[in-house]
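No lab work stands behind these numbers, since they all come straight from the coordinates. Note that this is a predicted model, so its numbers are computed, not measured. Reconstructed Cβ throughout: ideal geometry from the backbone, glycine too, with neighbour counts over all protein chains shown.
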Amino acid sequence: MLPFAMAAMAFTYIVDGVEYKCDSSEKTAYVTYFKADGSAGADIVIPEKIKARINQYVDFTEYTVTGIDLEHLYINTDRYKFIKSIHAPYIVRFSSRAALPELTDLEFGDNLEWLSCHITPTKLKTIKWNPKTIRVVSGIFYNNKEIDFGKLVFENATNLNFEGCTKLKSVDMGKVPLTAKGIYFSFKNSGLTQITFPKELQQISKGAFEGCSELYPGNNGTLYLPETCTSIFENAFKGCSKLKHVVASGWQVSKYAFSDEKYKKYSQFEDCTSLESVTLSNNMMYIPEKAFKGCVNLKYIRDKAHQNQTVVVFPETIKAIGEYAFSDCVSLTNPLKDRDIKMPKSIEEVRQYAFENCSKLLSISFPDPQKVKRDIIAYTNSFANCTNLKNIDLQEPEKVDDSQDNPSRLQASTMAKAEYSTTYGLVVSRGAFQGCTSLSSIPAPASVKSWTKGYNEGWIINTLHTPYYVKNVTTEDIDALVHPNIFSLSDIKNVYFHSATASVSQGALSSCINVDRVVFYAPETEEQGEAQILQIAPNAFAANKKLVNVECDYLVPPVIEENVFNNETYKTGCLTVPEGTLELYRKANGWKNFSLITDGQLTSISQIEASGNDCPAEFFDLQGRPVNCENAAPGIYIRRQGSTSSKVVIR
């Protein structure tokens with residue numbers, strides 16, 4: 001007997017113009033080459049089994065055909081242009097490194113696990129297969145515009161690539177068991193509308209859904225990512241223009257360096273132009289660069305605890321907000337009236353252009369650097385062109401017991417000056433608020449380590465908010481609120497006294513010669529029916545000749561001294577009080593001296609309807625002078641009809 005007949009050997013054998021490589025030990029074979037040719041096109045049929053022999057000296061043996069593995073043809077790349085269809089219902093693997101330029105139809109059975117092409121068959125129109133058995137799909141469907149896939153259900157997949165498949169609509173991977181390596185998939189620029197993820201999905205690959213402009217999961221466009229999904233790579237959902245809501249409560253970016261390309265993951269949801277809300281992980285530490293850039297309808301950002309609420313609440317663990325992270329989010333605003341958007345308690349950096357062009361932002365606040373004991377940096381252009389941003393404030397610390405055992409809450413302005421230093425503070429880089437043309441109030445210098453004003457920033461500080469830690473307001477305290485080289489007290493027109501204010505000394509605002517509005521905020525713990533004592537010294541505002549608008553937020557008029565304001569303020573100014581408290585203030589000492597006292601909210605003059613009184617409505621400016629409402633310049637005026645008065649806005 002010949003020696004080669006005794007050993008296990010691999011050999012090639014041709015059957016009906018098809019070349020097979022046979023394994024004599026396993027009794028399996030796979031296709032390596034098509035020798036047949038035909039000018040009118042050929043339909044290749046691969047049988048389940050073939051009979052072959054290694055040479056003429058041995059008998060034929062039956063071999064099971066398990067796959068097709070076509071080698072790359074370096075010389076004659078058009079060798080297989082005669083092939084129109086391949087029918088291989090029994091194979092496990094289909095792989096081609098060779099071009100199949102005229103291939104239009106493929107047919108496989110329930111055994112197929114592997115389907116890949118290095119050179120995409122561009123004319124492929126139909127495929128018969130069972131996706132449930134598939135593990136790998138690669139290259140074969142790239143940019144396919146012909147195949148109507150229907151709903152694809154995968155149960156064993158590890159690698160799926162359907163990039164550019166415009167007729168792909170629905171993919172269900174819910175039953176895919178994840179291995180240690182997880183699953184890779186790409187549906188970039190496809191027509192995908194519905195997606196079901198594996199239950200224990202760990203990551204979304206780079207560009208996986210980029211350009212899927214029809215993606216609209218569920219019935220309301222909400223994309224739910226499994227809580228096991230901790231990584232979302234760059235461009236993962238970029239340009240998914242129909243996405244409405246994203247719940248990514250497992251997404252964690254904890255290892256991130258803005259200057260280190262190794263850890264950069266960016267633009268995850270950039271240009272998702274219909275996106276309205278996003279829910280982030282409670283453990284997220286960084287918001288990546290351009291993560292939500294261009295999401296022009298984004299209104300709500302929240303942590304998991306606020307998932308179903310219409311609020312902007314960042315996870316408290318966030319340390320840095322990356323460059324352009326929310327740039328051009330023109331719908332991002334303060335959902336609750338008079339509530340600022342709070343930067344997270346752990347925030348350390350707001351990078352360049354992070355909130356650029358967020359034109360509906362009204363008010364923001366930072367943690368108090370003195371309380372969190374670290375600097376907080378706002379980089380160049382971090383809030384550039386937020387044209388409606390009016391206030392920048394500091395978040396008050398959580399309320400604590402004011403006992404001697406816990407003296408951390410500052411009790412007086414003298415303590416504030418003693419305890420406040422520039423060890424920690426806000427570090428505002430040049431031009432951080434460039435183009436914020438409405439900006440009128442910034443934190444007190446005691447909490448600012450450095451503030452470099454840019455050129456032509458376009459804003460003037462005309463509003464002062466006394467800080468929470470200054471309870472007794474003196475002239476010295478007001479002087480200390482001036483930022484050198486940024487503004488002067490002569491710019492100030494509005495002063496808001498914090499609810500913690502206990503007293504205001506004589507002449508406290510004497511340096512604010514142009515102030516025309518003063519607001520007193522009531523403490524949150526104000527009790528119904530009990531008058532608070534607000535120690536405002538006689539003639540405290542005597543020097544403020546232009547003061548014509550005083551607002552008091554107390555439901556019960558606080559006890560104050562007589563002659564707190566000058567005679568011009570009493571005569572021509574307006575005292576605005578909470579709705580329903582008008583009669584209380586008209587009888588209260590120190591407040592009843594105002595000639596005009598009004599309650600209620602500001603209303604637009606176009607919305608005013610005739611009251612029950614028969615007499616015509618009259619309009620006055622804040623100095624008490626009659627005006628013709630038809631010719632009046634835009635501004636705030638007093639409307640009086642009979643015994644009813646209210647403030648109105650003429651626009």
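Annotations for the structure displayed:
- Ordered by the number of other Cβ atoms lying within 10 Å of each residue's own Cβ, fewest first, Tyr286, Tyr424 fall into the sequence Tyr424, Tyr286.
- Taking amide H positions as modeled 1.01 Å from N, with prolines and chain starts lacking one, the residues under 5 Å from Val65 and 5 or more places away or on another chain are Ala29, Lys49, Ile50.
- For Val18, the residues 5 or more places off, or on other chains, whose built amide H falls under 5 Å of its own are Lys35.
- Remark on Ala42: its backbone amide H falls under 5 Å from those of Ile83, Lys84, Ser85, a criterion applied only to residues 5 or more positions apart or on other chains, H modelled at 1.01 Å from N.
- Computed extension gain for Ile14 through Asn143, at 0.36 nm per residue and net of the alpha carbon distance, reaches 43.0 nm.
- Taking the charge dipole of the range 460-600 about its Cα centre, with +1 at Lys and Arg Cβ atoms and -1 at Asp and Glu Cβ atoms, the residue from Leu464, Ala502, Leu547 reaching farthest to the positive side is Leu547.
- With a Förster radius of 45 Å applied to the C-beta separation of Asn514 and Thr452, the computed FRET efficiency comes to 0.95.
- Phi-derived couplings, Karplus 6.51 cos²θ - 1.76 cosθ + 1.60 at θ = phi - 60°, listed residue by residue for the range 285-290: 10, 9, 9, x, 4, 6 Hz, with x used for Gly and Pro.
- Spin-label model distance (nm) - Ser25 vs Ile460, 7 Å beyond Cα toward Cβ: 9.0
- Scalar couplings 3J(HN,Hα) for the range 483-488, obtained by applying the Karplus form with A = 6.51, B = -1.76, C = 1.60 to θ = phi - 60°, are 8, x, 6, 10, 7, 10 Hz; x denotes Gly and Pro.
- Label-to-label distance, nm, for residues given as Arg97 and Val559 (7 Å Cα→Cβ offset): 9.5
- Nearest-0.05 FRET efficiency for Leu582 and Gln395, computed from C-beta distance (R0 25 Å): 0.15
- Placing unit charges on the Cβ atoms of the charged side chains and taking the dipole of the range 109-237 about its Cα centre, the candidate lying farthest along the positive direction among Thr222, Phe154, Trp129 is Trp129.
- Rounded to the nearest Hz, the phi-derived 3J(HN,Hα) couplings of the range 237-254 under the Karplus curve 6.51 cos²θ - 1.76 cosθ + 1.60 (θ = phi - 60°) are 10, 4, x, 7, 6, 9, 4, 9, 9, 10, 10, 10, 6, x, 5, 10, 10, 10, where x marks glycine and proline.
- Placing pseudo-labels 7 Å out from each Cα toward the beta carbon at Glu568 and Thr380 gives an inter-label distance of 4.5 nm.
- Modelled FRET efficiency - R0 60 Å, Asn130 with Val58, Cβ distances, 0.05 increments: 0.95
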